[in-house]
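Undergrad: Before I ask anything, here is the structure I am working with.
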Amino acid sequence: VSIKDLYISPDNTLFKEIMQPALFIPENNSPYQVLEKFKESKSRKEVDSNIQQDFLTEFAFHLDSIYLERISRIDFDQFAVTYIKERGLNIPIDGLSVELLRKGLLHSSDSSISFKFDCFRAYFLSRKFADNTELLNKALTPALISRYSTELDLFTGLNRNRIDILRSAKSMCEQSFK
């Protein structure tokens with residue numbers, strides 16, 4: 001049972017109603033290593049790991065853009081339909097959600113969907129910084145740098161050649177604490 005599920009559930013909800021199967025990810029595995037493990041065990045169908053990673057990146061960006069941690073199942077399905085149509089993919093509408101829920105990257109409770117763990121959301125949003133300079137520049141402002149500190153940390157770890165980001169982040173932090 002996650003704290004998030006306990007928080008959003010009514011007080012009279014039984015634990016067994018919100019319990020999910022345990023997902024074990026060793027702490028010493030990076031998100032990339034976890035995704036590589038998912039590649040090894042995936043079933044061969046059209047929803048491959050590249051589509052899954054791109055979808056999760058776009059989902060994290062979508063959640064960030066609407067300032068939410070979770071969305072209703074209906075809104076999630078609409079997001080998935082739009083994603084599939086915009087990319088011209090030939091996959092079932094629920095193909096993405098079923099696979100990502102099964103792998104434990106997403107979490108569904110009653111009528112909403114979110115990332116299973118916030119570190120997954122942060123990792124995939126940090127991937128979006130690479131191709132969305134507007135988002136990256138937004139994160140590197142004195143007003144928002146603390147909100148995006150985890151994502152910026154992950155981004156600079158994934159893109160070690162971006163010393164300019166570290167310098168900019170340092171400058172923004174200095175401005176924030178003056």
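The values are calculated or read from the model by the stated rules, or taken from the named source; none is laboratory data. Given the structure is predicted, the values throughout are model-derived calculations rather than measurements. Cβ placement follows ideal geometry from the backbone for every residue including glycine, while neighbour counts extend to all protein chains displayed. Note: areas computed on protein heavy atoms with side chains; ligands, DNA, RNA excluded. Shrake-Rupley method; radii C 1.70, N 1.55, O 1.52, S 1.80 Å.
Undergrad: Subtract the Cα-Cα distance of Asn137 and Ile66 from 0.36 nm times their separation in residues, and report this length gain in nm to one decimal. Write down the numbers at each step before the final one.
TA: Numbers: separation 71, 0.36 × 71 = 25.56 nm, distance 1.77 nm.
Gain on stretching Asn137 to Ile66: 23.8 nm.
Undergrad: Taking the Cα centroid of region 72-100 and of region 104-172, what is the distance between the two, rounded to the nearest whole Å?
TA: Comparing the Cα centres of region 72-100 and region 104-172, I get a distance of 23 Å.
Undergrad: Another question, if that's okay. Which loop-located GluC sites (Glu not before Pro) does region 53-124 contain, where loop means any DSSP state but H, G, I, E or B and the Cβ has at most 14 other Cβ atoms within 10 Å? Let's see the in-between values first.
TA: Numbers: sites: Glu58, Glu69, Glu86, Glu99; in loops: Glu69.
Within region 53-124, the qualifying GluC sites (Glu not before Pro) (loop, at most 14 other Cβ atoms within 10 Å) are Glu69.
Undergrad: Wrap a convex hull around the Cα atoms of region 34-178, take a quarter of its surface area, and give that in square nanometres.
TA: On the way: hull surface 37.2 nm².
So the mean shadow area of the Cα hull is 9.3 nm².
Undergrad: Separate question: Over all directions, how big on average is the projection of the convex hull of the alpha-carbon atoms in region 111-177, in square nanometres? Walk me through the intermediate numbers first.
TA: Details: hull surface 20.6 nm².
Mean projected area for region 111-177: 5.2 nm², to one decimal.
Undergrad: For region 68-178, what is the accessible area per residue in Å² when the probe is 1.4 Å?
TA: Numbers: 6220 Å² over 111 residues.
Value for region 68-178: 56 Å² per residue.
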